[in-house]
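Asks: What follows is a structure written as structure tokens; I'll ask about it next.
The values are calculated or read from the model by the stated rules, or taken from the named source; none is laboratory data. All values reported here derive from a predicted model rather than from experimental measurement. We place every Cβ from the backbone using ideal geometry, glycine too, and count neighbours over all the protein chains shown. Heads up: the accessible areas ignore ligands, DNA and RNA and are worked out on the full protein's heavy atoms, side chains in. Shrake-Rupley method; radii C 1.70, N 1.55, O 1.52, S 1.80 Å.
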Amino acid sequence: MLDRLAEIERRYEELERLVADPTVIANRREFAKLARERAQLEETVTCWRERRRVARDLDEHRALLREKDAELRELARSELPALEARLAALDATLKHLLLPKDPNDERNTVLEIRAGTGGDEASLFAAELFRMYTRYAERHGWRVEVLSSSPTGLGGFKEVIALVVGKGAFSRLKFEGGVHRVQRVPVTETQGRIHTSAVTVAVLPEAEDVEVELADKDLRIDVYRSSGPGGQSVNTTDSAVRVTHLPSGLVVTCQDEKSQHKNKAKALKILRARLLERARSEQQSEIAANRKAMVGSGDRSEKIRTYNFPQSRVTDHRVNVTLHTLDRVLDGEIDPIVDALVTRQQAEALAAAG
């Protein structure tokens, strides 16, 4: 482990020299790639340097135990337990830091929430899930920007797509992808029967412009008049935008903004995220079987969580965690569930690494 840490430190120092090189700075793509790698190594290198300092202090204190001065020996002996505990803690931290990392963990996140089976009830719950993630983002100091939405007349969403901006957003939200099931008595139910509805959540890392290049020749951009609830601009100006990526066939539409320019920018942001996710899926196809065995396939048809309103219960089926605080969960307190999922992922990674 120590040899590997020394190698990481050498790479970090090399990256520091490279990102200060004017030639590299002039190459936007290369600079972004190297700067991101440097940021990913920084915490490990800082911890490794602290570990070396503590190890030196520990050696010096052990050497003092052989001194003739009794008072000096006693002082060194009294400080040894704290130094040994600190060294053990740093070693444990470094062991986790050396686990393979998801290169997208520090990215912003594109969150896509869509109503599934259940009609109006599913649309209403999609709106509640969106509020839950908005409150969760606020608790972590992240910013939420709506990119696209399809509201319903009852105050729900057929679909809402948002960008969550903040350090580490994807590392926490990536566990939310899948089908979220809700069990409750709908407002329209006259006989008090419990209905089951579902909402699909997709979590994608935001693609950077330098990573997913969109050539003009590969895009067909159509503009049309907005539809649905809105202000004076609805049905009066061609502000809505539909972007078709010709090589892949992906289509993204956006009509939330009154400005055609802003709608186009939002649509391209969504398109880049979807193209990056497609590229990542293709690259990881070889390890799909191993991933499914370790952490599940992430298929959106899997029911990852159930929200039971009559019992005020939330159950995450992947880690068998049940909370009887439904109101607080829907107010954004989902860290107990996310923490359990992070712990499971780390434990499986440690076992795989031997």
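Asks: Being of a type in the set (Val, Ile, Thr), closer than 26 Å to Val321 by Cβ and open to solvent by 50 Å² or more (accessible area, probe 1.4 Å): is that true of Ile194 here? Before the answer, list the steps.
Replies: Details: of a type in the set (Val, Ile, Thr): yes; closer than 26 Å to Val321 by Cβ: yes; open to solvent by 50 Å² or more (accessible area, probe 1.4 Å): yes.
For Ile194, the condition - of a type in the set (Val, Ile, Thr), closer than 26 Å to Val321 by Cβ and open to solvent by 50 Å² or more (accessible area, probe 1.4 Å) - is met.
Asks: Follow-up. Restricting to region 320-334, count the residues that are surrounded by fewer than 16 Cβ atoms within 10 Å (Cβ to Cβ) and in contact (Cβ under 8 Å) with a residue 24 or more places away in the chain.
Replies: If we filter region 320-334 for residues that are surrounded by fewer than 16 Cβ atoms within 10 Å (Cβ to Cβ), which is where we start, we get 320, 322, 324-325, 327-328, 331.
Then keep just the ones that are in contact (Cβ under 8 Å) with a residue 24 or more places away in the chain; that gives 331.
Summing the residues that are surrounded by fewer than 16 Cβ atoms within 10 Å (Cβ to Cβ) and in contact (Cβ under 8 Å) with a residue 24 or more places away in the chain in region 320-334 gives 1.
Asks: Something else now. For region 160-188, enumerate the residues that are over 13 Å from Val199 (Cβ atoms), touching a helix residue (DSSP H, G or I) at 6+ places or on another chain (Cβ under 8 Å) and open to solvent by less than 20 Å² (accessible area, probe 1.4 Å).
Replies: Ile161, Ala162, Leu163, Val164, Gly166, Ala169, Leu173, Pro186 - these are the residues of region 160-188 that are over 13 Å from Val199 (Cβ atoms), touching a helix residue (DSSP H, G or I) at 6+ places or on another chain (Cβ under 8 Å) and open to solvent by less than 20 Å² (accessible area, probe 1.4 Å).
Asks: Gly296 fails exactly one of the following numbered conditions: (1) touching a Lys or Arg at 6+ places or on another chain (Cβ under 9 Å); (2) at pLDDT below 90; (3) open to solvent by 40 Å² or more (accessible area, probe 1.4 Å); (4) closer than 24 Å to Thr117 by Cα. What is the number of that condition?
Replies: For Gly296, the exception is condition (3).
Asks: Sort out which residues of region 19-36 are surrounded by 15 or more Cβ atoms within 10 Å (Cβ to Cβ) and more than 23 Å from Asp102 (Cα to Cα), and write them in order of number.
Replies: Within region 19-36, Val24 is the sole residue that qualifies.
Asks: Now for a separate question. Considering Leu154, Leu87, Leu83, Leu94, which residue is aliphatic (A, V, I, L, M), closer than 30 Å to Trp48 by Cβ and modelled with pLDDT under 90?
Replies: Leu94
Asks: Name the one entry in Leu80, Leu87, Leu97 that is under 30 Å from Asp3 (Cβ atoms), in contact with a Phe, Trp or Tyr (Cβ under 9 Å, 6 or more places away or on another chain) and not acidic (Asp, Glu). Spell out the reasoning first.
Replies: Working: Leu80 fails: in contact with a Phe, Trp or Tyr (Cβ under 9 Å, 6 or more places away or on another chain); Leu87 fails: in contact with a Phe, Trp or Tyr (Cβ under 9 Å, 6 or more places away or on another chain).
Checking each option against the conditions leaves just Leu97.
Asks: Please verify whether Asp91 is over 30 Å from Ser281 (Cα atoms) and among the acidic types (Asp, Glu), treating the condition exactly as stated.
Replies: Yes, satisfied.
Asks: Does region 37-50 hold any residues that are among the basic types (Lys, Arg) and open to solvent by less than 90 Å² (accessible area, probe 1.4 Å), and which are they?
Replies: Arg38
Asks: Inside region 197-279, counting only strands (runs of 3 or more DSSP E) that do not spill past its ends, which hold 2 or more residues that are of a type in the set (A, V, I, L, M, F, W, C), surrounded by fewer than 16 Cβ atoms within 10 Å (Cβ to Cβ) and modelled with pLDDT of 75 or more?
Replies: Once the strands (runs of 3 or more DSSP E) in region 197-279 are filtered for at least 2 residues that are of a type in the set (A, V, I, L, M, F, W, C), surrounded by fewer than 16 Cβ atoms within 10 Å (Cβ to Cβ) and modelled with pLDDT of 75 or more, what remains is 219-224, 250-254.
Asks: Let me ask something else. For Phe130, only one of the following conditions fails: (1) open to solvent by 40 Å² or more (accessible area, probe 1.4 Å); (2) assigned to a helix (DSSP H, G or I); (3) in contact with a Ser or Thr (Cβ under 9 Å, 6 or more places away or on another chain); (4) of a type outside the set (Ser, Thr, Tyr). What is its number?
Replies: (1) is the only condition that Phe130 fails.
Asks: Taking region 75-114, which residues are among the charged types (D, E, K, R) and either over 16 Å from the mean Cα position of the chain (by Cα) or under 30 Å from Phe157 (Cβ atoms) (or both)?
Replies: Arg77, Glu79, Glu84, Arg86, Asp91, Lys95, Asp102, Asp105, Glu106, Arg107, Glu112, Arg114
Asks: Can you name the residue in region 150-159 that is open to solvent by 30 Å² or more (accessible area, probe 1.4 Å) and in contact with a Phe, Trp or Tyr (Cβ under 9 Å, 6 or more places away or on another chain) and, of all such residues, is nearest to Gln346 (Cα to Cα)?
Replies: Here the answer is Phe157.
Asks: Follow-up. Of all the helices (runs of 4 or more DSSP H) wholly in region 1-109, which have at least 2 residues that are over 29 Å from Arg272 (Cβ atoms)?
Replies: Helices (runs of 4 or more DSSP H) meeting the threshold: 2-19, 28-64, 70-97.
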